[in-house]
1. Can you tell me which residue among Gly116, Gly79, Gly88 is surrounded by 10 or more Cβ atoms within 10 Å (Cβ to Cβ), within 25 Å of Tyr18 (Cβ to Cβ) and in contact with a strand residue (DSSP E or B) (Cβ under 9 Å, 6 or more places away or on another chain)?
2. Restrict the check to region 102-122 and report whether at least one residue is at pLDDT 75 or above, outside any loop (DSSP other than H, G, I, E, B) and closer than 21 Å to Phe15 by Cα.
3. All but one of (1) loosely packed, with under 10 Cβ neighbours inside 10 Å; (2) closer than 25 Å to Asn51 by Cα; (3) of a type outside the set (A, V, I, L, M) hold for Pro105, so report the exception by its number.
4. All but one of (1) surrounded by fewer than 20 Cβ atoms within 10 Å (Cβ to Cβ); (2) touching a residue at least 24 places away in the same chain (Cβ under 8 Å); (3) more than 22 Å from Gly80 (Cα to Cα) hold for Leu50; state the number of the condition that does not hold.
5. Residues of region 70-94 being at pLDDT below 80, of a type in the set (Ser, Thr, Tyr) and within 23 Å of Gly13 (Cβ to Cβ), which ones?
6. Given the options Ala40, Ala10, name the one that is in the same structural domain as Val93 (by TED's automatic domain parsing), surrounded by fewer than 19 Cβ atoms within 10 Å (Cβ to Cβ) and under 23 Å from Gln85 (Cβ atoms).
Amino acid sequence: MKLSRILMGAITGAFAGYGVFTIWPSALAHWHWLGGWLAAGLIITTAWWLNHYTSAFPNKDDSAWVDMALAIWLSSLLGGNVQLQTNGELIRVSYGLYHGISIGPAMITIVLQLIGATIAGYLLYQFRKGDA
């Protein structure tokens with residue numbers, strides 16, 4: 001795999017993670033529902049286009065796609081989350097590993113997320129096996 005593809009995938013993942021947890025809530029706070037739709041279209045569409053259309057990630061036809069979800073999950077784990085309050089104010093509701101939180105209390109959530117993703121992947125595989 002070329003270094004340029006690795007870098008493009010890393011930059012796209014960083015953009016998707018940063019956009020979902022920073023740009024999206026800010027657009028929602030300023031422009032309400034329209035800001036949410038615009039941010040979703042801008043962030044997710046751009047990241048999807050870079051990952052799949054320009055082949056930043058090596059997606060083979062007969063394999064699973066490792067996609068933006070992993071990058072967005074890592075952004076949440078490392079950086080934390082913000083939330084839009086009813087009065088339009090953005091507040092930090094959780095801190096990530098970069099902000100000094102311990103990973104210990106989050107381990108049960110991480111394990112359950114991995115179990116859920118594994119079950120979903122298996123069910124999707126079983127569902128798509130009939131397509132071949």
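The values are calculated or read from the model by the stated rules, or taken from the named source; none is laboratory data. All of these numbers come straight from a predicted model, not from anything done at the bench. Backbone-built Cβ (ideal geometry, glycine too); neighbour counts: all protein chains shown.
1. Within the list Gly116, Gly79, Gly88, the selection yields Gly79.
2. Within region 102-122 (the criterion being at pLDDT 75 or above, outside any loop (DSSP other than H, G, I, E, B) and closer than 21 Å to Phe15 by Cα), the answer is no, since none of the residues qualifies.
3. In the conditions (1) loosely packed, with under 10 Cβ neighbours inside 10 Å; (2) closer than 25 Å to Asn51 by Cα; (3) of a type outside the set (A, V, I, L, M), Pro105 misses (2) alone.
4. (1) is the only condition that Leu50 fails.
5. Answer for region 70-94, where residues must be at pLDDT below 80, of a type in the set (Ser, Thr, Tyr) and within 23 Å of Gly13 (Cβ to Cβ): just Ser94.
6. Details: Ala10 fails: under 23 Å from Gln85 (Cβ atoms).
Matching residue, one of Ala40, Ala10: Ala40.
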